[in-house]
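Read through the structure below, which is laid out as structure tokens, and then see the notes.
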Amino acid sequence: MQRVLLIEDDEAISEMVYSYLTKEGYEVETAFDGESAVKKFLAGLPYDLVLLDLMLPKRSGTDVLQMIRSGSLVPVLIMSAKDSDVDKALGLGFGADDYITKPFSMIELAARVKAAIRRAGYAAQGSQAAAGGELQPTSKVITLRGLTVDLDNFSVLKNGEEVKLTAKEFHILKLFVSSPGRVFTKAQIYSMVWEDDYFGDENVINVHMRRLREKIEDDPSHPEYIRTLWGIGYKLGDMQQ
């Protein structure tokens with residue numbers, strides 16, 4: 001049974017989410033403030049996912065998230081009534097995997113929980129395979145002007161220096177460099193990278209795309225590697241060597 005840590009100070013919301021996820025077959029533990037959340041996370045068996053409210057008493061949600069990310073890659077799904085790009089960028093920038101805005105439907109929440117746990121499982125399998133004793137095939141490397149993307153080893157170099165990307169940032173970049181010339185809509189990006197149905201929350205895509213561009217572009221305000229086609233989507237720029 002997959003274990004979920006639900007960190008939410010609103011008891012009505014906590015009870016609603018707890019009841020629904022329990023019926024869906026998850027083992028759910030609850031915490032109502034940041035301090036108890038940290039204690040529960042560090043004690044006992046590991047969790048498969050953390051549902052985290054940002055506005056918590058005693059210890060903030062971002063503080064809890066930073067503590068989690070200091071030693072764990074467990075997927076973290078933020079739940080918050082804050083609905084601005086700044087808040088999404090803050091939460092995702094600290095290492096959250098996804099963001100859902102209150103009020104939300106239980107069906108959408110359960111779908112995102114399932115998708116996040118599934119993606120984490122795929123990543124773990126890939127890490128285990130890479131760490132095994134078998135010889136790995138030669139990695140596929142794609143080189144653009146100044147940018148080297150190793151698709152098998154999940155590494156990126158910009159002008160010979162390592163660029164540290166999150167898993168989602170890397171998979172977004174991989175999507176584009178693997179399909180030069182193809183235009184991707186936000187719905188297609190979400191479907192392929194998040195491996196889930198698109199719920200129309202453009203901010204999640206916007207935040208990840210902005211952070212990716214800040215890391216790989218010479219001028220993020222005028223991107224060359226991943227270009228925006230207004231009203232349509234994004235495509236890889238003409239950057240081949």
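The values are calculated or read from the model by the stated rules, or taken from the named source; none is laboratory data. Because the structure is a prediction, the values reported are computed rather than measured. When we count neighbours, we look across all protein chains shown, and the Cβ atoms used for this are built from the backbone with ideal geometry, even at glycine. Only protein heavy atoms, including side chains, enter the accessible area calculation; ligands, DNA and RNA are left aside. Shrake-Rupley method; radii C 1.70, N 1.55, O 1.52, S 1.80 Å.
Annotations
- Residue list for segment 66-86, restricted to those being touching a helix residue (DSSP H, G or I) at 6+ places or on another chain (Cβ under 7 Å) and either among the hydroxyl-bearing types (Ser, Thr, Tyr) or surrounded by 14 or more Cβ atoms within 10 Å (Cβ to Cβ) (or both): 67, 68, 74, 75, 76, 77, 78, 80
- Residues of segment 155-173 that are open to solvent by 60 Å² or more (accessible area, probe 1.4 Å) and of a type in the set (Gly, Ala, Ser): 160, 167.
- Options 105, 70: the member that is among the hydroxyl-bearing types (Ser, Thr, Tyr), out of contact with any strand residue (DSSP E or B) (no Cβ under 7 Å at 6 or more places or on another chain), within 25 Å of residue 168 (Cα to Cα) and at pLDDT below 85: 70
- Members of segment 174-190 that are under 14 Å from residue 206 (Cα atoms) and either small (Gly, Ala, Ser) or open to solvent by less than 60 Å² (accessible area, probe 1.4 Å) (or both): 184, 185, 186, 187, 189, 190
- Check on residue 202, farther than 20 Å from residue 113 by Cα, without any contact (Cβ under 8 Å) to a residue 60 or more places away in the chain and either among the charged types (D, E, K, R) or surrounded by fewer than 18 Cβ atoms within 10 Å (Cβ to Cβ) (or both): no
- Scanning segment 13-46 for residues that are assigned to a helix (DSSP H, G or I), hydrophobic (A, V, I, L, M, F, W, C) and open to solvent by 70 Å² or more (accessible area, probe 1.4 Å) yields 16, 42.
- Some residue of segment 138-154 being open to solvent by 60 Å² or more (accessible area, probe 1.4 Å), over 30 Å from residue 111 (Cα atoms), β-branched (Val, Ile, Thr) and assigned to a loop (DSSP other than H, G, I, E, B): yes
- Only a single item in (1) open to solvent by 10 Å² or more (accessible area, probe 1.4 Å); (2) under 18 Å from the mean Cα position of the chain (by Cα) is not met by residue 10, and it is number (2).
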